[in-house]
């Protein structure tokens, strides 16, 4: 079953636990340049990641309101599955251009929910759509990332600091969040 990928987990197959922030990344000022790995990010309510040149404080062209696309997240386990399917040993952290890479959590199952990460609260509102830059990493990666295999988009509900290693939990949960199946 080498090159076969399991279907995305649904909330009905998820287990309870909390995930973790594996790594954090900021877009560079120059479009297309590699993302910069950082130890912590400061997120600002309704604006995004402070000092993030690509999305911070952007307004929607259609509504004039703050853009909902403020933070992007993806599971490291999903990235590893893509690497395996493509015959790669690994895909480097930050290469898939997400701000937050996670472990042990099913982000797709949490769409529509608020999650606490460090001192911040994010609303996970939609799956991410893969762009052509994914095929620059490895031909075929963009296609593998379709159908909920590219992480999620989030908006900042409460400002705060997010650090590598922080727990990720649905807001109001005492047990934690949806854990990714192994």
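The values are calculated or read from the model by the stated rules, or taken from the named source; none is laboratory data. Quick caveat, the model's predicted, so the values are computed rather than measured. Reconstructed Cβ throughout: ideal geometry from the backbone, glycine too, with neighbour counts over all protein chains shown.
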Practice prompt. For the stretch 43-65, enumerate the residues that are in contact (Cβ under 8 Å) with a residue 24 or more places away in the chain and not in a loop (DSSP other than H, G, I, E, B).
Written response: 43, 44, 48, 49
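Picking from 75, 52, which residue would you name as being closer than 27 Å to residue 30 by Cα, at pLDDT below 90, in contact with a strand residue (DSSP E or B) (Cβ under 6 Å, 6 or more places away or on another chain) and surrounded by 18 or more Cβ atoms within 10 Å (Cβ to Cβ)? Quick ask: steps written out before the conclusion?
Working: 75 fails: at pLDDT below 90.
It is 52.
If you take just the strands (runs of 3 or more DSSP E) that sit entirely in the stretch 90-182, which of them hold at least 2 residues that are at pLDDT 75 or above?
Working: elements: 100-103, 114-117, 120-127, 152-158, 160-163, 167-170, 177-179.
Passing ranges, in order: 100-103, 114-117, 120-127, 152-158, 160-163, 167-170.
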Item to complete: Sort out which residues of the stretch 58-72 are out of contact with any strand residue (DSSP E or B) (no Cβ under 7 Å at 6 or more places or on another chain) and surrounded by 14 or more Cβ atoms within 10 Å (Cβ to Cβ), and write them in order of number.
Response: 58
Fill in: Checklist (1) in contact (Cβ under 8 Å) with a residue 60 or more places away in the chain; (2) closer than 18 Å to residue 106 by Cα; (3) not in a strand (DSSP E or B) applied to residue 79, failing item
(1)
Worksheet item: From the residues in the stretch 15-42 that are modelled with pLDDT of 95 or more and either part of a loop (DSSP other than H, G, I, E, B) or in contact with a helix residue (DSSP H, G or I) (Cβ under 9 Å, 6 or more places away or on another chain) (or both), which one is surrounded by the fewest Cβ atoms within 10 Å (Cβ to Cβ)?
Response: 39
